[in-house]
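Some notes on the structure that comes next.
The values are calculated or read from the model by the stated rules, or taken from the named source; none is laboratory data. None of these values were measured; they are calculated from a predicted model. Counting neighbours? That spans all protein chains shown, and the Cβs are built from the backbone with ideal geometry, glycine included.
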Amino acid sequence: MRATVIGAGVAGLACALELAERGVQVEVLERRAGLPGSCSWYAGGMLAPWCECENSGPLIAQLGAEGLEWWRRRFPATLVRGTLVVAHGRDAGELAQFARRTAHFERLGAAGVAALEGELAGRFEHGLYFAEEGHLDPRAALAALAAHLEMLGVPLRFGVEAMEAAAGSSCGRVVLDCTGLSAAARLGDLRGVKGEMLLLRSRELSLSRPVRLLHPRLPVYVVPRGDGLYMVGATMLESDAGAYASARSLLELLSAAYALHPAFGEAQVVEIGVGVRAAFPDNLPRLRREGGTLYVNGLYRHGFLLAPALARRAAGVALEDKHFAEVMHEDSRERRLA
Ligand SMILES: Cc1cc2nc3c(=O)[nH]c(=O)nc-3n(C[C@H](O)[C@H](O)[C@H](O)COP(=O)(O)OP(=O)(O)OC[C@H]3O[C@@H](n4cnc5c(N)ncnc54)[C@H](O)[C@@H]3O)c2cc1C
């Protein structure tokens, strides 16, 4: 069996790996010159199945817990544990609501917050700690996936616009379309959700795990990436225009980082990034068969979290003709019940 995977974002690379490990002869085609620049490139890398319950249903937690385990087992070096969630006193209601909607956390008082993150001592009276969650550096994770694929002999062909290859799918060869928002032209119900992020460098601060700061208008997370680097993200705007980050978004992200810790006021702005997430109307991921192509899409704000579970299922569909109702049934109620 041969497979062509189109798109070298996290979905495409995870699918290629699952197929290659099952003995399929896989190639990956990517239109960009390399890994940088995809939506995956700009992600926060939060693997937070239980925090995400705040605005997602149980399916995301279920698939996400599977994904978290996949990353932990395969790429332990890329994974760091725990998420801390805090809110300023005036936003205590946000923290209470977050706790009502989520699970798998420990409640912390001021001393608990300070014990986890000394830099936040005296700044927050309460917090929630999700010890079982994790995060990874998405760029390192994409590179690790690509390196692993190369080790397995999977060619990653960059600079290839792949639609012609898709049209040529044939007996004995499956095509997996993992092109994110680019697939909107073929999947009419896919939309873009723009996400802006910043990379800041501060030598004054040393946070050791992702911190989510709750706020009624713009909740943000700050993710340490080592060497004084922090990713601050992310906006969620209903738009597929990913050309630039707006002044307003930057103002809000910087204000939120500053509200978490004033040392961010002196930080160096290293990068301003924009990615556009692909989402279906119900914000749930899908495996969809059309013609000879299997679409793996709609990963929305959970691409790193969900890619492993989708990739496993995609391999099951492509190789064994399996059906996974939770990601394949067109009726979202049926998918939620599956
Ligand atoms: C700011 C931001 C923060 C985020 N934070 C998180 C987070 O903390 N945790 C998390 O799990 N998720 C997060 N996400 C979501 C995550 O990034 C996406 O869900 C994920 O990147 C989707 O991956 P993908 O592989 O489906 O798509 P993409 O990453 O968009 O990859 C698709 C690839 O297909 C290629 N392509 C398109 N058309 C063609 C063609 N015709 N031929 C060849 N190649 C083609 C593209 O160039 C691209 O490289 C975040 C997203 C953003 C924007």
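Residues that are among the small types (G, A, S) and part of a strand (DSSP E or B) within segment 1-31 comprise just one, A3.
Suppose the filter is in contact (Cβ under 8 Å) with a residue 60 or more places away in the chain and near the ligand (Cβ under 8 Å from one of its atoms); does A20 pass it? Against the criterion (in contact (Cβ under 8 Å) with a residue 60 or more places away in the chain and near the ligand (Cβ under 8 Å from one of its atoms)), A20 does not qualify. Figure legend. Inter-residue proximity from segment 301-325: first residues closer than 19 Å to A234 by Cα, second residues outside any helix (DSSP H, G or I), beta-carbon distance below 6 Å, spacing 6+ or different chains. Indicated pairs: R301/R277; F304/A43; F304/G45; L305/L47; L306/P285; L306/L299.
Flag: G34 matches the condition of being part of a loop (DSSP other than H, G, I, E, B) and either surrounded by fewer than 20 Cβ atoms within 10 Å (Cβ to Cβ) or within 7 Å of the ligand (Cβ to nearest atom) (or both).
Conditions (1) of a type in the set (A, V, I, L, M, F, W, C); (2) under 27 Å from G298 (Cα atoms), marked per residue:
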{"residue": "H215", "(1), (2)": "no, yes"}
{"residue": "P219", "(1), (2)": "no, yes"}
{"residue": "V222", "(1), (2)": "yes, yes"}
{"residue": "G226", "(1), (2)": "no, no"}
{"residue": "M231", "(1), (2)": "yes, yes"}
{"residue": "S239", "(1), (2)": "no, yes"}
{"residue": "A245", "(1), (2)": "yes, yes"}
{"residue": "P262", "(1), (2)": "no, no"}
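Looking across segment 247-281, the residues that are more than 12 Å from the ligand (Cβ to nearest atom), buried (at least 17 other Cβ atoms within 10 Å of the Cβ) and of a type outside the set (A, V, I, L, M, F, W, C) come down to E252, H261.
The single residue among G291, G316 that is modelled with pLDDT of 95 or more and surrounded by fewer than 21 Cβ atoms within 10 Å (Cβ to Cβ) turns out to be G316. The single residue among R123, R100 that is assigned to a helix (DSSP H, G or I) and either touching a residue at least 60 places away in the same chain (Cβ under 8 Å) or within 21 Å of L218 (Cβ to Cβ) (or both) turns out to be R100. Could you tell me whether E27 is closer than 22 Å to R335 by Cβ, more than 8 Å from the ligand (Cβ to nearest atom) and touching a Lys or Arg at 6+ places or on another chain (Cβ under 9 Å)? In short, no. Residues in segment 308-318 that are more than 12 Å from L176 (Cβ to Cβ) and aliphatic (A, V, I, L, M): A309 alone. Taking segment 171-183 as the range and being modelled with pLDDT of 95 or more and more than 10 Å from the ligand (Cβ to nearest atom) as the test, the residues that pass are V175, L176. Does any residue of segment 191-212 turn out to be closer than 17 Å to V296 by Cα, touching a helix residue (DSSP H, G or I) at 6+ places or on another chain (Cβ under 8 Å) and at pLDDT 95 or above? Within segment 191-212, one or more residues are closer than 17 Å to V296 by Cα, touching a helix residue (DSSP H, G or I) at 6+ places or on another chain (Cβ under 8 Å) and at pLDDT 95 or above.
Contact map, segment 193-222: first residue within 11 Å of the ligand (Cβ to nearest atom), second residue among the polar types (S, T, N, Q) and not in a loop (DSSP other than H, G, I, E, B), Cβ cut-off under 7 Å, separation 6 or more or different chains; pairs are E196/S249; P210/T83; R212/T83.
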